[in-house]
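S.K.: First, the structure itself, so that you have it in front of you.
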Amino acid sequence: MLVSAARTPADLAALVDRRAAGLPLEHVLGWAELCGLRIAVDPGVFRPRPRTELLVRQAASLARQTVRAADQSVAPRAVVVDLCCGSGAVGAALVAALDGMELHSVDIEPAAVRCARRNVAAAGGQVYEGDLYQPLPAALRGRVDVLVANAPYVPTEAIGLLPPEARIHEPRVALDGGADGLDVLRRVSATAPLWLTPGGHMLVETSESQAAQTVEAVAREGLIPRVALSDELEATVVIGTRPALRSAPHTPAARRAL
Ligand SMILES: C[S@@+](CC[C@H](N)C(=O)[O-])C[C@H]1O[C@@H](n2cnc3c(N)ncnc32)[C@H](O)[C@@H]1O
């Protein structure tokens, strides 16, 4: 990959030096692949991982069902929110997989937001900087068909065991999910019922060993949970669906967020 990226032998030597010094391959190349797409990835921004393809596949399938079920009088475009978007890879892959959608992506890290703007702006997506739901337009409340989040979920104590490419070259805020790894996922779940349309879906990436706790956190907020697994991708996604018949978010956390 470095050979095909280099224009001259001197170029190649510089790329090899950077890789040999420990910089992740995706940061040396300036891109990573997700779902067959090249996603621009700047140094210091989380590199999309192949396992996240499961999150994209599941979200795309649910967004397609939403559009098929849409009333004829309503524009058949799913409203999708990508929280903790990093480079914007998940949203960009969803735009490529669907015929049309309204995309809103959020990250707290300015470098990630800049990178995401490059990846999703061409597709007409909006990128906001801030903490989870805080920068989203209030007009989206109760209108989101599909909410995806590949939030940090590594338990704090396990950060030291990660390969140096992650530990040294990706920001801690992209990895550290708190004592049990679920701090951010719990916050995402707590307020999701407020933003999801009735029958809308929240999808979060997690690990197989954290799936049961993630399901509990999702169910606690009144969402109907299920788990999607891929052995091939070694990936786990927990999906929480807002019951279609409930007219208003009812959970204590959702009411507090109002
Ligand atoms: C594991 S990375 C995933 C990035 C991207 N979704 C992907 O799959 O490639 C998690 C991202 O969450 C962002 N993040 C962490 N805490 C956040 C918060 N409270 N609000 C918004 N973004 C946050 C980090 O900056 C990082 O870009």
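S.K.: Across the range 72-100, which residue is farthest from the ligand (Cβ to nearest atom) among those that are part of a strand (DSSP E or B) and buried (at least 24 other Cβ atoms within 10 Å of the Cβ)?
M.R.: Of everything passing the filter in the range 72-100, ALA78 is farthest from the ligand (Cβ to nearest atom).
S.K.: Any residue in the range 206-219 that is of a type in the set (A, V, I, L, M), under 21 Å from GLN65 (Cα atoms) and assigned to a helix (DSSP H, G or I)?
M.R.: Looking for residues that are of a type in the set (A, V, I, L, M), under 21 Å from GLN65 (Cα atoms) and assigned to a helix (DSSP H, G or I), one finds none in the range 206-219, hence no.
S.K.: Which of the residues belonging to the range 108-131 are in contact with a helix residue (DSSP H, G or I) (Cβ under 9 Å, 6 or more places away or on another chain), crowded, with 17+ Cβ neighbours inside 10 Å, of a type outside the set (Val, Ile, Thr) and over 21 Å from ALA60 (Cα atoms)?
M.R.: Result: GLU109, ALA112, TYR128.
S.K.: Anything in the range 10-41 that is part of a helix (DSSP H, G or I) and small (Gly, Ala, Ser)? List them, or say none.
M.R.: ALA10, ALA13, ALA14, ALA20
S.K.: Considering only the range 223-235, state which residues are assigned to a strand (DSSP E or B) and crowded, with 22+ Cβ neighbours inside 10 Å.
M.R.: ALA235
S.K.: Identify, from the list ARG47, ARG19, the residue that is among the charged types (D, E, K, R) and touching a Pro at 6+ places or on another chain (Cβ under 9 Å).
M.R.: ARG47
S.K.: May I pose another question? Of all residues in the range 111-133, which are without any contact (Cβ under 8 Å) to a residue 60 or more places away in the chain, part of a loop (DSSP other than H, G, I, E, B) and within 11 Å of the ligand (Cβ to nearest atom)?
M.R.: Across the range 111-133, the qualifying residues are GLY130, ASP131, LEU132.
S.K.: Please state which one of VAL218, VAL188 is out of contact with any helix residue (DSSP H, G or I) (no Cβ under 8 Å at 6 or more places or on another chain), modelled with pLDDT of 95 or more, surrounded by 21 or more Cβ atoms within 10 Å (Cβ to Cβ) and under 19 Å from GLN58 (Cα atoms).
M.R.: Going through VAL218, VAL188 in turn, the sole match is VAL188.
S.K.: If the requirement is being charged (D, E, K, R) and more than 11 Å from the ligand (Cβ to nearest atom), which of these qualifies: ARG7, ARG51?
M.R.: ARG7
S.K.: Residues of the range 142-166 being of a type in the set (D, E, K, R) and in a loop (DSSP other than H, G, I, E, B), which ones?
M.R.: Hit for the range 142-166 is ARG143, nothing else.
S.K.: Can you go through ALA63, ALA59 and tell me which one is within 16 Å of the ligand (Cβ to nearest atom) and either at pLDDT 95 or above or in contact with a strand residue (DSSP E or B) (Cβ under 7 Å, 6 or more places away or on another chain) (or both)?
M.R.: ALA59
S.K.: Report yes if some residue within the range 145-154 is under 21 Å from PRO50 (Cα atoms), out of contact with any Phe, Trp or Tyr (no Cβ under 9 Å at 6 or more places or on another chain), of a type in the set (A, V, I, L, M, F, W, C) and free of Cβ contacts under 8 Å to residues at least 40 places away in the same chain; otherwise report no.
M.R.: yes
S.K.: Looking at the range 167-185, which of the residues that are in a helix (DSSP H, G or I) and surrounded by 16 or more Cβ atoms within 10 Å (Cβ to Cβ) is farthest from the ligand (Cβ to nearest atom)?
M.R.: Looking at the filtered set, the residue picked out is HIS169.
S.K.: Among all residue pairs at least 6 apart or on different chains, which show Cβ distances below 8 Å where the first residue, located in the range 188-209, is of a type in the set (A, V, I, L, M, F, W, C) and the second is modelled with pLDDT under 95?
M.R.: ALA190/THR251; ALA190/ALA253; ALA190/ALA254; ALA190/ALA257; LEU194/PRO249; LEU194/ALA254; LEU194/ALA257; LEU194/LEU258
The values are calculated or read from the model by the stated rules, or taken from the named source; none is laboratory data. On a predicted model such as this, the values are computed, not experimentally measured, just so you know. So basically every Cβ, Gly included, is an ideal-geometry build from the backbone, and we count neighbours across all protein chains shown.
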